[in-house]
Amino acid sequence: MKVILTYAILFSLVLVPFSGARAQSPTGVIKGKVKEQGGKPLVDVLVKAQGSKHKDRLQETKSNDKGEFELGSIPAGDYTLTFEKQGYKLFTTRSLEVLGGETLRLSKVIELAKEGDPYAVIRGAVLQGVGYSLSSASVLIERIDGGRKFKQETISREGGEFAFRLRAEKARYRLTASARGFQSSSIELDIEGDEVRNIALTLKPAP
């Protein structure tokens, strides 16, 4: 009885580490570099690796002062990488395969494009009566709320269209359309921020 018991204990001790070794999944490494589009390397870019099938597989790191990054101990599988940095557009890669025991080096440097400053747009058309556009009319825009001075003029195109691009900030503007042989027409409107406003200015024939 004692001999059998001792053998059973010894056998179980041998099996435990062997089973543990089999339970460990192979991992790989992803290395690469990120920079500003057409410019210098970018530091502190947040790099995330997300499993394509297993969404809970998420690892992240940040690029160093040379723009280099390394994601280690990643379970083998397919992943997409995202690159985030304030002031730059989010960049996402296609699906990448990570193999256990190997290092995946990105063949190209990731380039992040800068985000443009937010802006507002006022666009519209100059009309002469219902449904008839008026080209070559002068359209003047002025800021009238006492804020930063702004005044700009444009000419309506063939279909009577015009557009102004403005700062994305709260402001009040007056738009005035005029053309030879017509009475001028004005409209006032408020801009709250990053938005697009559409208007129409209808001119009546001069008396």
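None of the figures in this text is laboratory data; all of them are computed from the coordinates on show. In this text the structure is predicted, and so the values were computed from the model without any measurement. Heads up, the Cβs are rebuilt from the backbone with ideal geometry, glycines too, and the neighbour counts pull from every protein chain shown.
Just one of the numbered conditions (1) in contact (Cβ under 8 Å) with a residue 40 or more places away in the chain; (2) touching a Gly at 6+ places or on another chain (Cβ under 9 Å) is not true of Ser133; which one?
So Ser133 meets the others, but not (1).
Does any residue of the range 174-191 turn out to be under 31 Å from the mean Cα position of the chain (by Cα), closer than 30 Å to Gly87 by Cβ and part of a loop (DSSP other than H, G, I, E, B)?
As a first pass, look at the range 174-191 and keep what is under 31 Å from the mean Cα position of the chain (by Cα): 189-191.
This time we only want the ones that are closer than 30 Å to Gly87 by Cβ, so: 190-191.
Narrowing further to those that are part of a loop (DSSP other than H, G, I, E, B): none.
No, the range 174-191 contains no residue that is under 31 Å from the mean Cα position of the chain (by Cα), closer than 30 Å to Gly87 by Cβ and part of a loop (DSSP other than H, G, I, E, B).
What is the one condition in (1) farther than 26 Å from Tyr119 by Cα; (2) under 26 Å from the mean Cα position of the chain (by Cα); (3) not hydrophobic (A, V, I, L, M, F, W, C) that Pro205 does not satisfy?
(2)
For the range 158-171, state whether one or more residues are in a loop (DSSP other than H, G, I, E, B), loosely packed, with under 12 Cβ neighbours inside 10 Å and hydrophobic (A, V, I, L, M, F, W, C).
no
More than 15 Å from the chain's Cα centre (by Cα), of a type in the set (Lys, Arg) and under 20 Å from Lys33 (Cβ atoms), is that true of Lys62? Full working, then the answer.
Values: more than 15 Å from the chain's Cα centre (by Cα): yes; of a type in the set (Lys, Arg): yes; under 20 Å from Lys33 (Cβ atoms): yes.
For Lys62, the condition - more than 15 Å from the chain's Cα centre (by Cα), of a type in the set (Lys, Arg) and under 20 Å from Lys33 (Cβ atoms) - is met.
Out of all the residues in the range 145-200, which are β-branched (Val, Ile, Thr) and more than 15 Å from Ala125 (Cα to Cα)? Please lay out each step first, then the result.
Our first condition is that a residue be β-branched (Val, Ile, Thr); within the range 145-200, this holds for 154-155, 176, 187, 191, 196, 199.
Selection gives Ile191 alone.
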